[in-house]
1. Quick one: count up the residues across region C:144-166 that are over 14 Å from C:His233 (Cα atoms) and not in a loop (DSSP other than H, G, I, E, B).
2. Here is a list: A:Arg186, A:Arg169. Which entry is under 15 Å from the mean Cα position of the chain (by Cα) and assigned by TED's automatic domain parsing to the domain that holds A:Arg226?
3. A:Ser273 versus (1) in the same structural domain as A:Leu150 (by TED's automatic domain parsing); (2) touching a residue at least 40 places away in the same chain (Cβ under 8 Å): which is the lone unmet condition?
4. Among residues belonging to region B:80-101 that are more than 19 Å from A:Glu27 (Cα to Cα) and surrounded by fewer than 18 Cβ atoms within 10 Å (Cβ to Cβ), point out the one that is farthest from the other protein chains (Cβ to nearest Cβ).
5. Inside region A:16-68, can you point out the residues that are within 14 Å of chain B (Cβ to nearest Cβ), part of a helix (DSSP H, G or I) and of a type in the set (A, V, I, L, M)?
6. Can you name the condition, by its number, that C:Ile30 falls short on among (1) over 27 Å from C:Val237 (Cα atoms); (2) assigned by TED's automatic domain parsing to the domain that holds C:Ile178?
7. Return the total of residues in region C:275-328 being in a helix (DSSP H, G or I), among the hydroxyl-bearing types (Ser, Thr, Tyr) and away from chain A (no Cβ under 14 Å).
8. Since A:Ala94 meets every condition but one in (1) touching a Lys or Arg at 6+ places or on another chain (Cβ under 8 Å); (2) assigned by TED's automatic domain parsing to the domain that holds A:Tyr300; (3) surrounded by 24 or more Cβ atoms within 10 Å (Cβ to Cβ), which condition does it not meet?
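The values are calculated or read from the model by the stated rules, or taken from the named source; none is laboratory data. The shown structure was predicted, so the numbers you read here are calculated from the model rather than taken from an experiment. Positions of Cβ are generated from backbone atoms using ideal geometry, with glycine treated the same way; all protein chains shown enter the neighbour counts.
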Amino acid sequence: MAFERKHILGLEELTAGEITLVLDTAESMREVSDRDVKKVPALRGVTVCNLFFEPSTRTRSSFEIAEKRLSADVLNFTTIHSSVVKGETLLDTARNLEAMGASMIVIRHPMSGAPWLLAKELNSSIINAGDGWHEHPSQGLLDLFTVRRLKGRIEGLKIAIVGDILHSRVARSDIWGFTKLGAEVRVVGPPTLVPKYIEEINAKPHYNLEDAIEGADVVIMLRIQRERQDSEFFPSLREYSRFYGLTRDKLKVAAKDVTVMHPGPINRGVELSSDIADGAEAVILEQVSNGIAVRMAMFYLVASARRTS
Amino acid sequence: MADKVVMDSDSVNRTISRIVNQILERNNGAAGVVIVGIRTRGVHIATRIANEIEKLEGIRPEMGTLDITLYRDDLRQKTEWPKVEKTEVPFDLDDKKVILVDDVIYTGRTTRAAIEAIMDFGRPSSIQVVTLIDRGHRELPIQPDYTGLKLNTLSSETVRVHLKEADGKDEVVVVKQ
Amino acid sequence: MKLLIKGGRVIDPASGKDKKGNVYIEDGKIKSHPADTKKIEGEPGVEVIDAKGEIVAPGLVDIHVHLREPGFEYKETIKTGCESAAAGGFTSIVCMPNTNPVNDNASVTEYIMLKARTEGIVNVFPIGAITKGEKGETLAQIGEMYEAGCVGISDDGMPVMNSKVMRHAMEYVKAFGIPVLTHAEDKNLSGHGVMNEGDNSTLLGLGGIPSASEDVMVSRDITLAELTGTHLHICHVSTAGAVRLIRAAKKRGVRITAEAAPHHFTLTDRAVAEYDTNAKMNPPLRREADRAALVEGLKDGTIDAIATDHAPHSEDEKKVEFDLAPFGIVGLETSLPLSLKLVEDGILTLQEMIEKMTSIPSGILNLGRGTLEAGAPGDVVIFDAEAPVKIDRTKFRSKSKNTPFDGWDLKGRVLYTIVGGKVVYSG
């Protein structure tokens, strides 16, 4: 099948077939990443702009490496978004970058839906690198890719996502991706951070960690934002960690060959104890390497759709 | 439209045997020789070459497969983008004699892309190109080192190489559009 | 000045009239409904409109409009807002106080009245603020604003969170006999919400405004209305819970009235798909069960009136991230066709629909409009209820074009809008 999407805005809109095509393509890209010369000329002459409104060195670097391995020209534009200080509008900023020759824009933005606005108004291909609480498709795809490489399949697996589901774009992309490929997804966290309506998007809510990870093949730990403890969602990080932090003891109820994932950066001792973070179950660094391959696949496929459309 | 069979099963086999002999002659045996096939039919021919060398010399040369999609120079024009398949070159190419195998050589662009890909894997001492069919119409200054059959074709014609591994029988057909 | 409207289907819910006939306007007032028009037509200077086959009704009354002047003239002015109203069949509109400066004292009220008199082509009635600067702290100059022409008070958009302040406001207005209008929302419960809290907000990753934030406040304000005995009008009802609370309160005899906006009884939060900022308003579009409850409330009279909450915003303000876009859509030029859909769907009779857009809203704020009885102001709308219309935002008279209904195929074309016997719009 051919990939026909000019943008990748989220996993909600992708079909199971399209997701599988991205994962298959990422396998080839992973091979490029394992070579001594980690570069192919596929996107020579294409200018990709990384437009980041949040300070995320990690995701930006991963995108940048992916772009460079495909021989694209890279333009970085990082700025801190402020809704208080009125500056240039998002559209004006993006139009400027397009005028500089960017034909693909990777956008990270603190507000849900910002990539949609660009997709509607610009000619460039838009790749969502994380928008507000909405989606983080490249993270979702790399999680799928990592699990598929390890377990050989997605279908029939039990996936538990732990933490602040309400504010997590990673959780939403993971829910869409895993359920579309036939896995069962459970979410768990303090009830204040598990949205009331999550069941309607096919994730089963739990409030007790052991219940959620019982028999789980994969446990995905989300990063808890330290600033949340100052709001009314939970009393303290200490209490959060006591009930929702993953320890070796609690992990016993999961499947024997359980895999533990984390999108990073980790709060050691809060959502994840150090012995697990550094243990054999954790594939956190593997996720990082796979992230580059998956992002290369996304660029290649979107570029192909641009040419054929 | 009329199909013309230009090689049958026997002649395909004989031709490959001849090429193997030429390779061994030119390289003084199989020492330092590695075989890399270009996806997809080049891989099957490469495998046969490796098998034959093993039979004749008693050692099996290393085998790799190359998907040149990411190296194509027509990605910016192509209407249908090909799916990227796996490339597997699980050995060191430095100072090796690389036998690059494809089924048909035509414009030379695929061979150019394959050479570029191989250079990304290391620094071989030489690259030698094998093709079962050379149908002419070169657009780049690239020539095969070993040729099975040289054909005069029209641009409007298509050369189809059928191989047992993929198609059930060995045969080369020229199809007039 | 004399105007004769001949041969239309005259519907005047206030007097129970619905039959083919004529309406004669003289000196700005409804003079009579003559059976025989020959004599009048013979008089000099009589303008005649042939309304054969069309509906002749009292000019529509919208008791919830944002005219944006003073302060936000780039969104709308009193002049353009009135033109938009006239194009929608409205002859009287009530404007909310969240201007800049806020209409919290008589000088702002007088400015609006003066502008409306000199530049406005329809009748404008201002609402004064409940508290100074709509800050919810100290009472605005309610008495003086009443004298200057305000017909009610409201801190629209900025609900009075302090219950004691709200109680005092409701007690204080008794001296002037005007109602308190409430934008019922618990701002703490809404938080940074930008759309209805539900499955759609969950999957879009947008902050949710739970229906509870409306229900909680409707409940409080009904309780205060019971305590004070003051007439409370509940604006833009959007939830099933609020409809239930209002229905129960009315049954007990609490002095309350309520309005619903066409977008709330037409759309659900599905319209927010793809982050369309023209589907962002407050209260937000709710779930289907809420929409169905509103329709039921309109039918059984729990919801008294239809009001648009016409909230113009410029193109630039809406072409931003969903979180940053201001709440609100324009409504004056889509209200009649959307309300006629209720008639087509068999929910309201044509008479009931007209009543909810004329005599009832006029009665809620004592405007003395919304009827065709002899002696009433000569405000009339003539429309074709069956004529197909395609909503085209570029044709709006309003300065702003922010509507989710662009391109919709509806029925109901305004042919004439007449204010004080003068044709101010013909379509």
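1. Here the count works out to 8.
2. Details: A:Arg186 fails: under 15 Å from the mean Cα position of the chain (by Cα).
Result: A:Arg169 is the single residue among A:Arg186, A:Arg169 that is under 15 Å from the mean Cα position of the chain (by Cα) and assigned by TED's automatic domain parsing to the domain that holds A:Arg226.
3. (2)
4. Applying the first criterion (more than 19 Å from A:Glu27 (Cα to Cα)) to region B:80-101 yields B:80, B:92-101.
Still in the list and also surrounded by fewer than 18 Cβ atoms within 10 Å (Cβ to Cβ): B:80, B:92, B:94-95.
On the way: B:Glu80: 7, B:Asp92: 9, B:Asp94: 10, B:Asp95: 15 Å.
Looking at residues that are more than 19 Å from A:Glu27 (Cα to Cα) and surrounded by fewer than 18 Cβ atoms within 10 Å (Cβ to Cβ), I get B:Asp95.
5. The initial filter retains those residues of region A:16-68 that are within 14 Å of chain B (Cβ to nearest Cβ), namely A:17-18, A:20-47, A:66-68.
Those still in the list that are part of a helix (DSSP H, G or I) too: A:17-18, A:20-33, A:66-68.
Those that are within 14 Å of chain B (Cβ to nearest Cβ), part of a helix (DSSP H, G or I) and of a type in the set (A, V, I, L, M): A:Leu21, A:Val22, A:Leu23, A:Ala26, A:Met29, A:Val32, A:Ala66.
6. Only one criterion in (1) over 27 Å from C:Val237 (Cα atoms); (2) assigned by TED's automatic domain parsing to the domain that holds C:Ile178 is unmet by C:Ile30, namely (2).
7. Within region C:275-328, residues that are in a helix (DSSP H, G or I), among the hydroxyl-bearing types (Ser, Thr, Tyr) and away from chain A (no Cβ under 14 Å) number 0.
8. Unmet condition: (1).
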